[in-house]
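Before any comments, here is the structure.
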Amino acid sequence: MYPYRPESMIADEFINDDEILQTIQFANENKHNVELIDSLLEKARPKKKGNGVVCAGLTHREASVLLACDIPEKTEEMFRLANEIKQAYYGNRIVMFAPLYLSNYCINGCVYCPYHTVNKSIPRKKLTQEEVRNEVIALQDMGHKRLAIEAGEDPVNNPIEYILECIKTIYSVHHKNGDIRRVNVNIAATTVENYKKLKDAGIGTYILFQETYNKKSYLELHPTGPKHDYNYHTEAMDRAMEGGIDDVGLGVLFGLEGYQYEFAGLLMHAEHLEAVHGVGPHTISVPRVKKADDIDPGVFDNGLSDDKFAKIIACIRIAVPYTGMIISTRESEAVRGRVLDYGISQISGASRTSVGGYTEAERPHDTEQFDVSDNRSLDEVVRWLMENDHIPSFCTACYREGRTGDRFMALCKNGQILNCCHPNALMTLSEYLEDYASEETKKIGYELIEQELKKIPHDNVRRIATENIEAIRSSDRRDFRF
Ligand code: SAM
């Protein structure tokens, strides 16, 4: 039996099965302990400090009690608190991105993924550099500035050199006023040496979903291929950080295992990163398993209701207040709309999950990784966000200004990020409105920008942001950022 040690570099010790089982037991025993629940809500509430606010966050045990609690009024209080924390750190900004599928060649046997090696019905495809360029032009023409590249694991068809070449191509494309300013990477666990190469290629966040933290289930769900090695996969973020990548993104594929187990494991992983590297995850993604070629999500009997899903998101926001949270088009407009208020800070728009999907007029299904539930265009998503009082942001400034890892977290923790992110969001939104938006979206966008500029507390910052937006409107592109 392994001891629980968050500072250990061994997966079985920092994601400790015994500790998770005891946590779930403790949470279930205390789910009606109103005194404890109230004290946890109070502990997690944003507190004024100097000019800003600070949040204490919660441990995996504490947050698990909140998740287990089924008292309706307390759950409502959790939703309100998650919203309060979100407003304190992220305001009403939502960062936009799109996935770009490079290759669906894969040698793993993940039973929930249509790219698994024994799926003989799915066509295999890998983009050439010319095709990457065309996909990027299509994405730039929609208005995207931030991508997450995706690929199966196949050292022969998609070696690291191929991924690096694609990143170089992506950054080199400048179509009309477009450019991709941040490439996040979601590829299989790899070596410190390869993480160094990704870092040198200028990637933003390295994203790797754990899929499930339950080792026994993990081994069954990944029966063959390199991904079968639970410890190698779980320890990947430590290697990424050793390779110099400051921003790492965690995630669980909800539906594979019991959600209480995954929730505790995810927070323990965040605690481990904080304990070892002094900085927690940059983002947490919350995908749910979806229908796909050769995959029926019904075979996984841990499906989550929308209510439980929303509560998980709220409890993550309460537990790790400084970590960005990402939701993809796996979720419908209705679900996305609801959880935006509980702590989501990044969403994808107009996604195609097939290899080469953006250059096709109709959404192709042949090489698709999963079925998309939100099929709206980027313009529709942007307008919808603004109609619901969110500010769509195309900002990539932190990364380009070197505000990553602990530098980003330090700014975020003292609330200073608001002085950069809010005006940057407005300036990049203005770029979007000028270059890509429909007339209706543009009208709503400039009304919103006008209101939001007035909220900038510092005169100097407000003046510079206003001047830059005026310049953008008169086609003077300055690429200015705070
Ligand atoms: N091959 C890399 C890896 O193994 O981590 C990249 C991952 S894949 C392109 C992106 C993610 O899609 C996976 O980590 C998995 O969580 C998710 N995914 C796979 N099958 C899915 C399904 N049927 N429904 C929803 N998400 C799925």
Margin query: Checking the conditions here, which among Ile122, Ile94, Ile170, Ile163 is modelled with pLDDT under 95 and out of contact with any Gly (no Cβ under 8 Å at 6 or more places or on another chain)?
Written below: Ile122
Check: If you go through segment 298-322 one residue at a time, how many are without any contact (Cβ under 8 Å) to a residue 60 or more places away in the chain and open to solvent by 10 Å² or more (accessible area, probe 1.4 Å)?
Finding: 10
Checklist line | Any hit, segment 145-166, residues being over 23 Å from Cys398 (Cβ atoms) and of a type in the set (Lys, Arg) | finding: no
Margin query: Residues that are in a loop (DSSP other than H, G, I, E, B), open to solvent by less than 40 Å² (accessible area, probe 1.4 Å), at pLDDT below 95 and not assigned by TED's automatic domain parsing to the domain that holds Asp141: does segment 455-462 have at least one?
Written below: yes
Next item on the list: Would you kindly identify the helices (runs of 4 or more DSSP H) lying entirely within segment 329-443 that contain at least 1 residues that are touching a residue at least 60 places away in the same chain (Cβ under 8 Å), open to solvent by 40 Å² or more (accessible area, probe 1.4 Å) and more than 21 Å from Ile85 (Cα to Cα)?
Entry: 378-387, 397-400, 417-435
Item checked: Yes/no for Ala63 being under 29 Å from Arg376 (Cβ atoms) and either small (Gly, Ala, Ser) or open to solvent by 40 Å² or more (accessible area, probe 1.4 Å) (or both) -> no
Next item on the list: Return yes or no: is Leu256 surrounded by fewer than 22 Cβ atoms within 10 Å (Cβ to Cβ), part of a loop (DSSP other than H, G, I, E, B) and in contact with a Phe, Trp or Tyr (Cβ under 8 Å, 6 or more places away or on another chain)?
Entry: no
Check: Would you call Lys31 basic (Lys, Arg) and at pLDDT 95 or above?
Finding: yes
Notebook entry, point to check: Restricting attention to segment 210-234, and to residues there that are more than 14 Å from the ligand (Cβ to nearest atom) and farther than 13 Å from Cys110 by Cβ, which single residue is surrounded by the most Cβ atoms within 10 Å (Cβ to Cβ)?
Noted result: Asn214
Next item on the list: Check segment 39-46 and report whether any residue there is on the phi > 0 side of the Ramachandran plot and more than 27 Å from the chain's Cα centre (by Cα).
Entry: no
Margin query: Being without any contact (Cβ under 8 Å) to a residue 60 or more places away in the chain and under 30 Å from Glu380 (Cα atoms) narrows it down to one residue among Val132, Val118; which is it?
Written below: Val132
Next item on the list: Residue by residue through segment 156-181, note down the ones that are under 22 Å from the mean Cα position of the chain (by Cα) and open to solvent by 10 Å² or more (accessible area, probe 1.4 Å).
Entry: Leu164, Tyr171, Asp179, Arg181
Next item on the list: Tell me, yes or no, whether segment 63-81 has at least one residue that is touching a Lys or Arg at 6+ places or on another chain (Cβ under 7 Å) and under 30 Å from Glu368 (Cα atoms).
Entry: no
Checklist line | When residues of segment 421-435 are limited to those that are of a type outside the set (A, V, I, L, M) and within 24 Å of the chain's Cα centre (by Cα), the one modelled with the lowest pLDDT | finding: Cys421
Margin query: Tally up the residues in segment 80-128 that are of a type in the set (Ser, Thr, Tyr) and more than 24 Å from Lys227 (Cβ to Cβ), please.
Written below: 3
Note to self: Suppose the filter is of a type outside the set (Ser, Thr, Tyr) and assigned by TED's automatic domain parsing to the domain that holds Gln140; does Met386 pass it?
What the structure shows: yes
Note to self: For Pro281, only one of the following conditions fails: (1) in contact with a His (Cβ under 9 Å, 6 or more places away or on another chain); (2) assigned to a helix (DSSP H, G or I). What is its number?
What the structure shows: (2)
Next item on the list: Residue by residue through segment 387-407, note down the ones that are within 30 Å of Glu333 (Cβ to Cβ) and either at pLDDT below 90 or touching a Pro at 6+ places or on another chain (Cβ under 6 Å) (or both).
Entry: Ala397, Cys398, Tyr399
Notebook entry, point to check: Among the residues of segment 178-196, which ones are within 14 Å of the ligand (Cβ to nearest atom) and either closer than 15 Å to Lys168 by Cβ or in a strand (DSSP E or B) (or both)?
Noted result: Asn184, Val185, Asn186
Notebook entry, point to check: Looking only at residues in segment 86-107 that are over 17 Å from the mean Cα position of the chain (by Cα) and surrounded by 24 or more Cβ atoms within 10 Å (Cβ to Cβ), which one is nearest to Ile122 (Cα to Cα)?
Noted result: Asn104
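Working carefully through the options Ile37, Ile10, Ile15, find the one that is without any contact (Cβ under 8 Å) to a residue 40 or more places away in the chain and open to solvent by less than 80 Å² (accessible area, probe 1.4 Å).
Ile37 is the lone residue from the list that is without any contact (Cβ under 8 Å) to a residue 40 or more places away in the chain and open to solvent by less than 80 Å² (accessible area, probe 1.4 Å).
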Check: Inside segment 36-155, counting only strands (runs of 3 or more DSSP E) that do not spill past its ends, which hold 2 or more residues that are within 16 Å of the ligand (Cβ to nearest atom), in contact with a helix residue (DSSP H, G or I) (Cβ under 7 Å, 6 or more places away or on another chain) and not aromatic (Phe, Trp, Tyr)?
Finding: 93-103, 146-151
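The values are calculated or read from the model by the stated rules, or taken from the named source; none is laboratory data. Keep in mind the model is a prediction, meaning the values are calculated, not measured. So basically every Cβ, Gly included, is an ideal-geometry build from the backbone, and we count neighbours across all protein chains shown. What goes into the accessible areas is simple: the full protein's heavy atoms, side chains included, and nothing from ligands, DNA or RNA. Shrake-Rupley method; radii C 1.70, N 1.55, O 1.52, S 1.80 Å.
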